[in-house]
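The values are calculated or read from the model by the stated rules, or taken from the named source; none is laboratory data. Quick caveat: nothing in here was measured; it's all calculated off a predicted structure. Methodologically, a virtual Cβ is constructed for each residue, glycine included, from the backbone with ideal geometry; neighbour enumeration extends over all protein chains shown. Accessible surface is based on the protein model in full, side chains and every heavy atom, while ligands, DNA and RNA are left aside. Shrake-Rupley method; radii C 1.70, N 1.55, O 1.52, S 1.80 Å.
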Amino acid sequence: MLNWNELEQACLSCQKCPLAETRHKVAFGVGPRDAEVMLIGEGPGENEDLQGEPFVGRGGQLLDEMLEIIDLDRKTNVYIANIVKCRPPQNRDPLNTEQDACIGYLRNQVALIRPKIIVCLGRIAAMRVIKEDFKISREHGQWFERSGVHMMAMFHPAAILRDPRRRPDAFLDLKSLQAKIRQVCTHTY
Ligand code: URA
């Protein structure tokens with residue numbers, strides 16, 4: 001396991017998969033490194049690739065608004081990272097080979113942060129982190145526990161933007177996250 005400096009340096013200079021050739025910047029992760037709540041997305045889009053930070057585009061703006069409803073903020077109490085740290089061309093889903101090449105970095109981030117709660121944003125992250133056959137439409141908002149870490153998946157912000165009928169479900173999932181934080185976290189609120 002690498003420390004934060006080693007890990008960030010390794011990510012920023014990574015050449016383990018072909019995404020390294022087309023990326024502008026690596027979106028390593030953002031937020032306090034002692035956060036009790038960690039959010040995991042799929043991979044950088046265009047804005048994230050240009051700025052080197054997860055969830056800074058249109059979906060990121062919605063995510064920030066959603067987090068604000070339950071008093072979460074990437075500057076103070078939630079850490080945000082992705083399954084893959086470099087942008088897949090045309091925003092296609094990251095290939096399994098790309099996820100395999102990159103997942104060690106996320107595992108190292110989780111090992112350093114030791115979050116109490118992990119929230120997967122969308123099906124790609126949920127299938128990687130919670131279980132391989134995760135069905136986002138059926139299983140969003142359900143809690144799972146893996147070696148003492150509470151996990152759930154919510155709809156990806158981009159999916160909510162595509163279909164606003166998902167908003168009420170997203171709100172219920174946020175309230176469930178808020179309740180779980182009150183149960184298991186000691187310094188988030
Ligand atoms: N979508 C993701 O899954 N992650 C980002 O960082 C941006 C968009």
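When the chain is treated as a Gaussian network with alpha carbon springs shorter than 10 Å, the biggest mean-square fluctuation among Ser13, Ser176, Ser137 belongs to Ser13. Mean sequence separation of contacting Cα pairs (under 8 Å, at least six apart), scaled by the length of the range 42-189, corresponds to a relative contact order of 22 percent. Once the Kirkwood radius over Cα pairs is known for the range 1-83, the Stokes-Einstein relation at 25 °C and 0.890 mPa s delivers a diffusion coefficient of 182 µm²/s. If the label point is 7 Å along Cα→Cβ of Val149, which residues in the range 173-188 have backbone nitrogen under 13 Å from it? Residues passing the 13 Å test: none. Separation of the range 151-168 from the range 35-81 is 14 Å, based on Cα centroids.
Using all pairs of distinct alpha-carbon atoms, the Kirkwood hydrodynamic radius of the range 94-144 works out to 11.9 angstrom.
Normalising the average separation of contacting C-alpha pairs (under 8 angstrom, six or more residues apart) by the number of residues puts the relative contact order of the range 1-98 at 38 percent.
Extension gain, Asp100 to Ala10: 0.36 nm times the residue separation minus the Cα-Cα distance gives 30.8 nm. Using Cβ point charges alone (K and R +1, D and E -1), the dipole size of the chain about the Cα centre works out to roughly 340 debye.
Heavy atoms of the protein chains alone define the surface here; on that basis the range 53-189 has 50 Å² accessible area per residue at 1.4 Å probe size.
Legend: helices of the chain (whole DSSP H runs) are marked when their alpha-carbon atoms reach 24 angstrom or more along the helix axis and their mean Kyte-Doolittle hydropathy is at least -1.0; marked are 96-113, 167-184.
Computed about the Cα centre, the dipole magnitude for the range 1-85 is approximately 320 debye when only Lys and Arg (+1) and Asp and Glu (-1) carry charge, each at its Cβ. Kirkwood-type hydrodynamic radius, the chain: 16.4 Å, calculated from all non-identical alpha-carbon pairs. Full extension of the chain between Glu132 and Asp34 gives 32.5 nm of extra length, using 0.36 nm per residue less the Cα-Cα distance. Taking the square roots of 5 times each eigenvalue of the Cα gyration tensor of the range 94-180, largest first, gives ellipsoid semi-axes of 22, 17, 11 Å. Expressed as a whole percent, the accessible area of the chain that falls on carbon and sulfur atoms is 48 (1.4 Å probe). With each label modelled as a point 7 angstrom along the Cα→C-beta vector, the Glu65-Asp93 pair spans 2.8 nm.
Counted by Cβ distance under 11 Å from Leu174, the other residues give a net charge of -2, where Lys and Arg count +1 and Asp and Glu count -1. If the segment from Arg167 to Asn3 were pulled out straight at 0.36 nm per residue, it would be longer than the present Cα-Cα gap by 55.2 nm.
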